[in-house]
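The values are calculated or read from the model by the stated rules, or taken from the named source; none is laboratory data. Bear in mind the structure is a predicted one, so any value in this text is a computation, not a measurement. Note: ideal-geometry Cβ built from the backbone for every residue, glycine included; neighbour counts use all protein chains shown. Keep in mind that these areas ignore ligands, DNA and RNA; they rest on the heavy atoms of the full protein, side chains included. Shrake-Rupley method; radii C 1.70, N 1.55, O 1.52, S 1.80 Å.
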Amino acid sequence: MIIDLTAEDFMVAATKGAVRQLVAIKNKRMGHDHGGKSYRKMTQRLADSILGELGEIAVSKFTGLTQMSTLQITKAADIGASIEVRTTEHANGHLVLYDSSNNDYIFVFVTITGLKATLRGWIHPEHGKKPEYFVEGDPDCYFVPQSALNPIETLPIK
């Protein structure tokens, strides 16, 4: 499923990405990525935040559900009551899960190229946290292949 993003969507994502980084700085949360020890520089964090916001906008458009406010630093889902979004620029990329990924949520995988967002599919974490997907790293995670995802058209929306 391809979602066309607009220049306005990009501007919103850039603004929200910047605000997300500002809130992280003010809350002294820089450098704490899912338990990782490495430190991404601010330019990379800002770019990743903008890309993530674009993915969330695309899923919000697809579902008609509201995106979480960037100013809310809570355990709330990204979209609606139970949808988390993972986004990458890599068309052949994998959805990334962590041991800390909330098993009560549904995870949607989005790839972005320019202003085109492709919703690749979704999965419940308990189906994605498999030994064969486990990758040791900083931090350790699960790289869930796109072939393991459920079709986006079957996404349970709530």
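Assorted remarks:
- Ratio of Rg to Rh over region 76-153 (Cα coordinates, Kirkwood Rh, two decimals): 0.95
- Under-5 Å amide H pairs with residue 85, H placed in peptide plane, nonlocal only: 78, 108
- Applying 1/(1 + (r/R0)^6) with r as the Cβ-Cβ distance of residue 136 and residue 91 and R0 = 22 angstrom yields a FRET efficiency of 0.30.
- Here the calculated FRET efficiency for residue 11 and residue 102, from their Cβ-Cβ distance with R0 = 25 Å, stands at 0.25, rounded to the nearest 0.05.
- Estimated FRET transfer efficiency when R0 is 30 angstrom, pair residue 124-residue 66 (beta carbons, to 0.05): 0.90
- Where GluC sites (Glu not before Pro) fall in DSSP loop in region 51-158, at most 13 other Cβ within 10 Å: 89, 136
- The residue among 151, 27, 102 whose Cα reaches farthest toward the positive pole of the charge dipole of the chain, with charges on the beta-carbon of Lys, Arg, Asp and Glu, is 27.
- For residue 68, the residues whose modelled amide H falls within less than 5 Å of its own, excluding neighbours fewer than 5 places apart on the same chain, are 79, 80.
- The listed residues 104, 4 rank as 104, 4 when sorted by accessible area, largest first, using a 1.4 Å probe.
- Label positions at residue 44 and residue 148, each projected 7 Å from the Cα along the C-beta direction, are separated by 2.4 nm.
- Between residue 93 and any residue 5 or more places off or on another chain, the built amide H atoms are never under 5 Å apart.
- Theoretical gain in end-to-end length, residue 4 to residue 27 [0.36 nm per residue, Cα-Cα removed]: 4.9 nm
- Helical contribution to [θ] at 222 nm, DSSP H n ≥ 4, -39,500 (n - 2.57), averaged over the chain, rounded to 500: -9500 deg cm²/dmol
- Counting every alpha-carbon pair across the chain, the share separated by more than 18 Å comes to 58%.
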